[in-house]
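Okay, structure first, notes after.
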Amino acid sequence: MVNPSILITGILALASVALGHGAAETEAGIEARNVHVANARRSIEACQNKLKARSIENRRKIKRDAFVKRYQKQNQKRAATATAVAAATTVDPFNGAIPTCVLAPEEEIGPYYLSGELIRDDIREDEPGVDMLLDVQVFDVSTCQVIPNVMLDFWSCNSTGVYSGFSAENTLGETQLRGLVESDEDGIVQVLTKFPGHYGGRATHLHLIAHIGGSISSTGTYSGGTIPHIGQVFFEQSLISEVEATSPYNTNTVAITLNSVDRVFTEQASVTAGYSDVVTIKKLGSALSDGLLGAISIGLDLTANKSTGSGSGTGTGTVTGAGGAPTGGMGAPPS
C-alpha cells in the first residue's frame, strides 16, 4: 500500500530552469525526469529494506515521539490533549510500506530564497497561525545510508501569504519562517514552523534545500558546500481548506489557488504518474490549535550540485533572477 506521508527524492539536472516558475518543462526535461523516477524508485525500494534492518525506523519513531512531547510541554497542553498526542504518535505513519511517493526534484528555487539565515529548529518567532512539526530523514540513494550533518534550509510565506526579508513585502530585515537545521546521526531533521498561507497564482507550499559540506561562521550562519536538493512540499487540499477557514488565514482575501491548477504541482504530477509530492499531516489533538505533524524522507544524490542564484540574506531583499512579490503581499505571483 502506498503511504502518502513519505516523500522521497533524488536529483537530476532538468532542461528548463526558471527561477520564477515561468515556462513549462521541455520534452527533454520531462523525459529526464521520467528516467529519474524509474531510477529513484529502484534505489528507494532497495534502501527501504536496509533501513529497516538497521532499526532506523524505530529510532526515528522514538525521536519523533520525543519531538511532539517537547512541543506539547513547551505549549503547556492540558492533560486531555496530552493523551491525544500520545495516541496520535504511537501509530507509525510509515506503516512498514515501501515508499513509492517521489517528490520530483527541481531547479526552480523561486524568488524568495535568502542565504545566510539562522540555524535553529524553531523558525516561528512571533508569527500567528497553526503550528506544524516537520520530521524529515535524509539518506544517500546510492548507499542507502542515512546522512548526518546535512543542513536543511526551510522557508515559506506566513499565514497571510507574505515572505519575510524583503522590502517588497514590507518585511526587510525580518527572519520569521526561515531557518536551517542539521541532520543528526540518523539523518533526522526536526523543525517547528507554521502551516503556510497562500498568495495569488500558487498553491500552498513550503520550500526546502539540502546543503552538504559547508561550514558555520563565527556569526552562526552557514555557507559553502554543495546543494544536492531543491524542492517544494505540498499539502492535502482538504487540510488547506480547514486551515484557511481559521484566523488569521481567513483575513487574506486573495483567491486560493488549488493544487489541481498549480503549475508546479500539476507538472510534477503529470511526469511522475503514481507518485505524490503531498505530505500527509496528522493532527496532534482534536483541534488545529493542538498542532500538526508531518513526516518526510528525502533520498539525496550526493554527486548533484544545484545553484540557488540567491541573495545574501543581509537585508537587501534581492535575489538574482527573481520574480515579483506574491499577490498575497504585493505584485505578481512568484514561486
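Just so it is clear, none of the values below were taken in a lab; they were calculated from the coordinates. Since the structure is predicted, the reported quantities are computational estimates derived from the model, not experimental observations. Positions of Cβ are generated from backbone atoms using ideal geometry, with glycine treated the same way; all protein chains shown enter the neighbour counts.
List of remarks:
- Set Lys63/Lys306; Lys73/Lys194; Lys194/Lys306; Lys69/Lys283; Lys50/Lys282 screened for pairs whose C-alpha atoms are more than 21 Å apart: Lys63/Lys306; Lys194/Lys306; Lys50/Lys282
- Annotation for Ala255 and Thr219: the two label points, set 7 Å from Cα along the Cα-Cβ direction, are 4.3 nm apart.
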